[in-house]
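The next block holds one structure in the form of structure tokens; read it before the comments.
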Amino acid sequence: MSEIRAGRAAPDGSYDVAVIGYGPTGVTAANLLGAAGLKVLVLERDGEIYSRARAISTDEEVVRIWQRAGLAERLKQDMLTERPVDFVDASGRSFISARPTSRGHGHPPQMFIYQPALEQVLRDGVRRYPNVEILLRHECLRVRQDADGVELTVAGTADDTVRRLRASYVIAADGGSSLTRAQLNIGYEGRTYEDRWVVVDTKMLKPWPDHDKLRFHCDPVRPAVDCPTPLGHHRYEFPLLPGDDEKQLTTEEAVYRLVSRYGIGRDSIEVLRATVYSHHVRFATRFRVGRIFLAGDAAHAMPPWIGQGMAAGVRDVANLSWKLDAVLRGELPESVLDSYEAERKPHVKEVTKRAVLVGRVITERRPPVTRVRNTVLRALGRFPGFSARMQDANWIPVARYDTGLQAPSRAKATGHQVPQPWVTDADGERVRLDDALGGRWLVLHARTAAPAPAWDIPGVPALTVTPAGSEPAADTLVDCDDVLLPWMARHGAATLALRPDAYVYASAPAGLPLPPPPPGFAPSLVRRPTAATTQ
């Protein structure tokens, strides 16, 4: 998609949402907002997809978001799944070996990606929506907001044209050096690590033993990352050490010398590119200023050790997009948009903290400390399940919201996202739960429908979950693998009120009423099209 593609703007030339930046965060937003039927403008200063493969992995929750965009199965065709993870010492001996454990989102727990190919699929997905206009080679020079919307001054980088466009809201996904964030005078606090890393993308010419395994070489002399990526690629990462010449270390000769210590020769890989990056830990002081929202690297940056930088941006726009849709349609008051930062910032800070912790394990340079690390962790790894528990506990925290858009009367299930098992719908079709829920507010009952008078309003359907083996029936979902009902029981929930993103707004045990909807809630009587139905 290298040319301007016209979309369907509002009669006065304005848009519901303008998205600045068309990387993974921006293109995910374009898909979600496009599927909702909103009038969307996307601005991207580059003409082509960035060719460097920056992110190399993602997780099941992110693929679940892309499922909402109707693209999960196509994206998974280009991913590597179910690959083991090894932390190895200087001699190549493993001291932690693990496989990521599933969180129940309905997709493999970890998948390796080739980012340019992933972005192309996501951009192709946006083509489904004539209500989304893409302006490549266009840069947003200025944003100025008033009570009714945001005016964007847009310049064409190819022809020097300048125009002014308007949108009701703006999502700034324009990267760590965000011009939008700078214009809004939002601080970007944190630190940049002294270490700079050479990131090497290669084409695999022939396989070698364990080529499909992610290995963190925790060598105090020079740590390294050795990672499989799909579509015939492989990634290596090495730190620059004191005295290294940055330009020299990115040459092919230097790269082949670095990988040769792992038995990789010129006959195994072709070096595609080698680039130097710095690692950052930074957070914008605010994610929202009026009608403008920061997302992805514009809002936060983290080290790459647990593969969550891109994922965090996708989670941002997944949280924000359905709320913007609800506000624009009058289903919820504008005040709910404050819940975006309240929900996302604590989680991204916790993810970043864990990324820093894992990075310390990998990059420790003091030989006495690494010897203790290797010995202790290798001993603990002999206990059944230790590696899996460490992976689950210390890498990616569950995205539970302690505050935000949820019922004020707290319950155990409130703020959690429900798992996504396979279910059988009323028509007898076996589908994933989110496809049955349809991205809407609804009430979910366990086994037997319970009174929920506060939610007995038009536009909010109610479904009853029945055990595996039950016959399909109207307004029911059969829990094919007995996943959802046990989850509800563990959380003391007989009835749930689910938000469109499948997070629990309110929960009630048997015999107690479900807390009421949020103030100003006025659900639409018209069910909006979903990505699954518009492909």
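Data table
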item: Alpha carbon Rg of region 213-372, scaled by the compact-globule rule 2.2 N^0.38 Å; result: 1.34
item: Amide H within-cut-off set for LEU41, under 5 Å, with H built and near neighbours excluded; result: VAL17, ALA18, VAL19, GLU133
item: Sum of -39500 (n - 2.57) over DSSP H runs of 4+, divided by residues of the chain (222 nm, nearest 500); result: -7500 deg cm²/dmol
item: Reciprocal of mean inverse Cα separation for region 448-528 (Kirkwood radius, Å); result: 13.8
item: Two-decimal Rg to Rh for the chain - Kirkwood Rh, Cα set; result: 0.98
item: Peptide ranges 319-330, 289-300, 155-166, 195-206 listed from the most packed, as the mean C-beta count within 10 angstrom indicates; result: 289-300, 319-330, 195-206, 155-166
item: Phi-based couplings in Hz for region 322-333 (Karplus 6.51, -1.76, 1.60; Gly and Pro marked x); result: 6, 6, 4, 4, 5, 5, 5, 8, x, 7, 9, x
item: Per-residue ³J(HN,Hα) for region 488-504, Karplus 6.51 cos²θ - 1.76 cosθ + 1.60, θ = phi - 60°, Hz, x for Gly and Pro; result: 5, 5, 5, 9, x, 10, 8, 9, 10, 9, 9, 6, x, 8, 6, 8, 7
item: Largest to smallest accessible area among ASP146, ASP174 [probe 1.4 Å]; result: ASP146, ASP174
item: VAL221/ARG273 FRET efficiency (R0 22 Å; Cβ-Cβ; nearest 0.05); result: 0.30
item: Gain on full stretching of the segment that runs from ARG382 to ASP124 - 0.36 nm per residue minus C-alpha separation; result: 88.2 nm
item: Estimated translational D of region 257-346 in µm²/s (Stokes, Kirkwood radius over Cα pairs; 10 °C; 1.306 mPa s); result: 99
item: Karplus 3J(HN,Hα) series, Hz, for region 147-157 with 6.51 cos²θ - 1.76 cosθ + 1.60 (x for Gly, Pro); result: 5, 9, x, 10, 9, 10, 8, 10, 10, x, 6
item: Label-point gap, in nm, between ARG52 and ALA182 - each point 7 angstrom along Cα→Cβ; result: 1.8
item: Full-extension gain in nm, ASP210 to THR448, via 0.36 nm per residue minus C-alpha separation; result: 80.6 nm
item: Which listed pairs, of LYS203/LYS247; LYS213/LYS323; LYS76/LYS247, have C-alpha distances above 28 Å, in listed order; result: LYS213/LYS323; LYS76/LYS247
item: Of the trypsin sites (Lys or Arg not before Pro) in region 73-103, those whose Cβ has at most 14 other Cβ within 10 Å and which sit in DSSP loop; result: ARG93
item: Mean separation of Cα contacts under 8 Å (6+ apart) over length of the chain, as relative contact order %; result: 16
item: Summed side-chain charge close to GLY92 - residues other than GLY92 whose Cβ falls under 15 Å, Lys, Arg +1, Asp, Glu -1; result: +1
item: Label-to-label distance, nm, for residues given as GLU194 and ALA158 (7 Å Cα→Cβ offset); result: 4.6
item: Mean accessible surface per residue for the chain, computed with a 1.4 Å probe while every protein chain stays in place, in Å²; result: 41
item: Potential lengthening between VAL372 and ARG142 on full extension [0.36 nm per residue; Cα-Cα distance subtracted]; result: 77.4 nm
item: Cut-off of 10 Å, at most 13 other beta carbons, DSSP loop: longest stretch of the chain lacking such GluC sites (Glu not before Pro); result: 83-428
item: Pairs of alpha carbons in region 477-519 whose separation is greater than 16 Å (percent); result: 42
item: Alpha carbon Rg of region 227-285, scaled by the compact-globule rule 2.2 N^0.38 Å; result: 1.34
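The values are calculated or read from the model by the stated rules, or taken from the named source; none is laboratory data. Keep in mind that what you see is a predicted model, and the values were worked out from it rather than measured. Virtual Cβ from ideal backbone geometry, glycine too; neighbours counted across all protein chains shown. Note: accessible area is taken over every heavy atom of the protein model, side chains too, but ligands, DNA and RNA are not part of it. Shrake-Rupley method; radii C 1.70, N 1.55, O 1.52, S 1.80 Å.
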